[in-house]
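Chemist: First the structure, then my questions, so here it is.
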Amino acid sequence: MKKSILIFTVIIMTFTSCQQPKTNDSAYQPKPYVQLQHPDWSKNSTIYEVNIRQYTPEGTFKAFESHLPRLKAMGVDIIWLMPIHPIGVKNRKGTLGSYYSVKDYLAVNPEFGTMDDFKSLVKKIHASGMHVIIDWVANHSAWDNKLVTEHPEWYSKNNEGNFQPTPWYDWDDIIDFDYEQPELRKYMTEALKFWVSETDIDGYRCDVAGFIPVDFWDNVRVELEAIKPVFMLAEWEDRDMLKNAFDMTYAWTLWNKLREIAKEGKPVGGLIEYMAHDVSTFPRDGYKMTFTDNHDKNSWEGNQYSNFGPALETCIVFAATVNGMPLVYSGQEAGLDRSLRFFDKDTIIWKNHRNEQLYTQLFDLKHKNQALWNGKHGGQMVRVYNDSQDKIISFYREMNENKVLPIFNFSNETVNVTLNTKFAADTYTELFSKKTYKLQGNDPIELPAWGYIVLYK
C-alpha cells in the first residue's frame, strides 16, 4: 500500500511539474541591447558623405543642389554634410582651415553660403525623398570660438593651467572641452536642438563621439527626439554608443581587414574573424557604417585606388552586402583617384565612371531585397562553406523569403570553387550579369582574380 501511494505521489508531482508555467522572472528574460527606436526610413537606407568645399568649383550649398537628382538616382538615402559652421582663424591650418575647428556652433560658414541657403538645401533634399544629417564637433572648438572668453571654465587645461588641444593628438588648431562641466553640456545640447528645430535636419554625425561621455549623448538623444525622430551616427566603433544614443557606428575594423588583404596580401582569415564577431557580439539591431573611403581615410591614408588597387570593386561590393549601411564618399562614384587637400581648395573632377553604375545596382538591390536591410530588419550573415576558404568568402542572408548569396575571390588568381549550398539550395539571379544560377548543394563556380558574383532571389 505504501509503495502504491509513493508511486502515485511521484506521478502527481511529475504531472504537476510539467504543468508549471515557465519562469516569468524578468531577470532571466532576454532583452534587446538596443533600446532606442530607429527612424523607420533608415531600415534600408544608404548614406553619402558630402565635402561641400571640394564638391564644386563654387564650393557652396547652392552649387551642390544641382547634384541632388543624380544622387537620388544612384540610390542615396541619407546626405551627410561635413561641418557647415564657421572655421576658426587663430592657429588655422592651411589657407581655409579645418571644418572641425568650429568658431560658432550657431552659424553657417560664409564660405558655403548663408543660413537661408542652407535651409533651402535641406528643403530640396527632403523634396527629393532623401534625409540630411550634419557633422557635429562637440569634443573641441576653435581657439577663437567666443566660448573661450565667455566660458573659459568649460575647457580642459594642461598642467600649466593653459588651454590645450585634445591630449595625445596633433590637433593644434583646436582646444579641448571639459564635459565635467554641466553648463557646457546644457549649451551643447541646446545648440544641437537649435539645428533640428530651426532648419529641420534629420540628425547628426558626431565627430570623435567616444571622446565624450556616453551619458551626455544618451540625454541628447532624448531631447532631440522630443522635437522629431532623428538619426545619429557616431564616429566610433563601440557597442556602448548603440544602446540609447546612436543608431550607427563606424566599421573601421572592416576597412582595415579589407585593406590588409588588398594591399598587403594577407589571408582572408582576418576578414572571416570580423564577420564572426559581427554575428556573435554586435547588437542585432545596431547599425554599422561600411565603406571603402571617407574623408579621414582619403585625407590621411590614401585614396580608394591606392588602398585597394585591383580589389577595389570587390571590396565595394563586399561592403555593400555584409551587415551594415554602405557609405559613399564624395567623388568615389566618379573614380576619385587622389587624396583631396583638407585645408585648402581642391575641387573634385566629375566624370562618368563605372563606379556610379556599380553603386546604383548595389543600392537598388539593398532597397528591394530585405535580406540586405539594416539591423533587425535584415538577414543575419550565415557562412557558406567552400573548398577554397583561404581565398573565397561566401555567405548567405535571408529575410522574409528574400535571399542574397554573395561570393568573393580575395586573391589575384582565378579560382574554381565548389560551394556547400544545401541549406540555401534555390534558383537565383546574378545581380550584374542577370544570369540564372540553380544551386543544388555542391555547386562549382569559377571566379577570376578579385572576381565576385552576387546571387539574389
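Chemist: Test Leu431 against the criterion of being assigned by TED's automatic domain parsing to the domain that holds Gly331, aliphatic (A, V, I, L, M), touching a Phe, Trp or Tyr at 6+ places or on another chain (Cβ under 7 Å) and within 11 Å of Val454 (Cβ to Cβ), and give yes or no.
Modeler: Considered against the rule, which asks whether it is assigned by TED's automatic domain parsing to the domain that holds Gly331, aliphatic (A, V, I, L, M), touching a Phe, Trp or Tyr at 6+ places or on another chain (Cβ under 7 Å) and within 11 Å of Val454 (Cβ to Cβ), Leu431 comes out as no.
This table checks each residue for (1) farther than 27 Å from Phe231 by Cβ; (2) of a type in the set (Gly, Ala, Ser); (3) surrounded by fewer than 17 Cβ atoms within 10 Å (Cβ to Cβ).
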{"residue": "Ala320", "(1), (2), (3)": "no, yes, no"}
{"residue": "Met325", "(1), (2), (3)": "no, no, no"}
{"residue": "Val328", "(1), (2), (3)": "no, no, no"}
{"residue": "Asp337", "(1), (2), (3)": "yes, no, yes"}
{"residue": "Lys351", "(1), (2), (3)": "yes, no, yes"}
{"residue": "Asp364", "(1), (2), (3)": "no, no, yes"}
{"residue": "Gln380", "(1), (2), (3)": "no, no, yes"}
{"residue": "Val384", "(1), (2), (3)": "yes, no, no"}
{"residue": "Lys391", "(1), (2), (3)": "yes, no, no"}
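Chemist: Name the residue that is surrounded by the fewest Cβ atoms within 10 Å (Cβ to Cβ), counting only residues in the range 166-184 that are acidic (Asp, Glu) and out of contact with any helix residue (DSSP H, G or I) (no Cβ under 9 Å at 6 or more places or on another chain).
Modeler: Asp170
Chemist: Right, next: For the range 314-326, give me each residue that is part of a helix (DSSP H, G or I) and out of contact with any Gly (no Cβ under 9 Å at 6 or more places or on another chain).
Modeler: Within the range 314-326, Cys315, Ile316, Val317, Phe318, Ala319, Ala320, Thr321 qualify.
Chemist: Shifting gears a bit: Go through (1) more than 15 Å from the chain's Cα centre (by Cα); (2) surrounded by fewer than 22 Cβ atoms within 10 Å (Cβ to Cβ); (3) acidic (Asp, Glu) one by one and return the number of the condition Asp296 breaks.
Modeler: (1)
Chemist: Continuing with the same structure: Of all residues in the range 167-179, how many are more than 16 Å from Leu147 (Cα to Cα) and either touching a strand residue (DSSP E or B) at 6+ places or on another chain (Cβ under 9 Å) or without any contact (Cβ under 8 Å) to a residue 12 or more places away in the chain (or both)?
Modeler: So the count comes out to 5.
Chemist: Go through the range 231-259 and report how many residues are among the hydrophobic types (A, V, I, L, M, F, W, C) and either surrounded by fewer than 20 Cβ atoms within 10 Å (Cβ to Cβ) or at pLDDT below 95 (or both).
Modeler: Matching residues across the range 231-259 total 1.
Chemist: Step by step: first the residues of the range 439-451, then only those that are out of contact with any helix residue (DSSP H, G or I) (no Cβ under 7 Å at 6 or more places or on another chain) and either modelled with pLDDT under 95 or part of a strand (DSSP E or B) (or both), then the one that is surrounded by the most Cβ atoms within 10 Å (Cβ to Cβ). Which residue is that?
Modeler: This residue is Leu447.
Chemist: Checking the conditions here, which among Tyr187, Tyr274, Tyr204 is touching a helix residue (DSSP H, G or I) at 6+ places or on another chain (Cβ under 9 Å) and surrounded by 21 or more Cβ atoms within 10 Å (Cβ to Cβ)?
Modeler: One residue alone meets the criteria, Tyr204.
Chemist: Continuing with the same structure: Can you give me the ranges of the strands (runs of 3 or more DSSP E) entirely in the range 227-292 with at least 2 residues that are closer than 20 Å to Phe216 by Cβ and not polar (S, T, N, Q)?
Modeler: Ranges flagged: 231-234, 248-250.
Chemist: Name the one entry in Thr281, Thr253 that is without any contact (Cβ under 8 Å) to a residue 60 or more places away in the chain, closer than 26 Å to Gly309 by Cα and of a type in the set (Val, Ile, Thr).
Modeler: Thr253
Chemist: For the range 119-142, give me each residue that is over 23 Å from the mean Cα position of the chain (by Cα), in contact (Cβ under 8 Å) with a residue 24 or more places away in the chain and surrounded by fewer than 20 Cβ atoms within 10 Å (Cβ to Cβ).
Modeler: Lys119, Ser120, Lys123, Lys124
Chemist: Same structure, new question: Considering the range 196-218 alone, what residues qualify as being more than 22 Å from the chain's Cα centre (by Cα) and not charged (D, E, K, R)?
Modeler: Correct list: Ser197, Thr199.
Chemist: Considering only residues of the range 190-201 that are of a type in the set (Asp, Glu) and farther than 19 Å from Asp218 by Cβ, which is surrounded by the fewest Cβ atoms within 10 Å (Cβ to Cβ)?
Modeler: Ranking the qualifying residues of the range 190-201, first place goes to Glu198.
Chemist: Of everything in the range 310-351, what is hydrophobic (A, V, I, L, M, F, W, C) and more than 19 Å from the chain's Cα centre (by Cα)? Give them in sequence order.
Modeler: Listed by number, the residues that qualify are Ala311, Ala334, Leu336, Leu340, Phe342, Phe343, Ile348, Ile349, Trp350.
Chemist: Another question, then. Hey, Lys22 hits all of (1) within 20 Å of the chain's Cα centre (by Cα); (2) charged (D, E, K, R); (3) at pLDDT below 95 but one; which does it fall short on?
Modeler: (1)
Chemist: Please verify whether Gly309 is assigned to a helix (DSSP H, G or I), of a type outside the set (Ser, Thr, Tyr) and on the phi > 0 side of the Ramachandran plot, treating the condition exactly as stated.
Modeler: For Gly309, the condition - assigned to a helix (DSSP H, G or I), of a type outside the set (Ser, Thr, Tyr) and on the phi > 0 side of the Ramachandran plot - is met.
The values are calculated or read from the model by the stated rules, or taken from the named source; none is laboratory data. Since this is a predicted model, take the numbers as computed values, not measurements. Ideal geometry is used to build each Cβ from the backbone, glycine not excepted, and the neighbour counts take in all protein chains shown.
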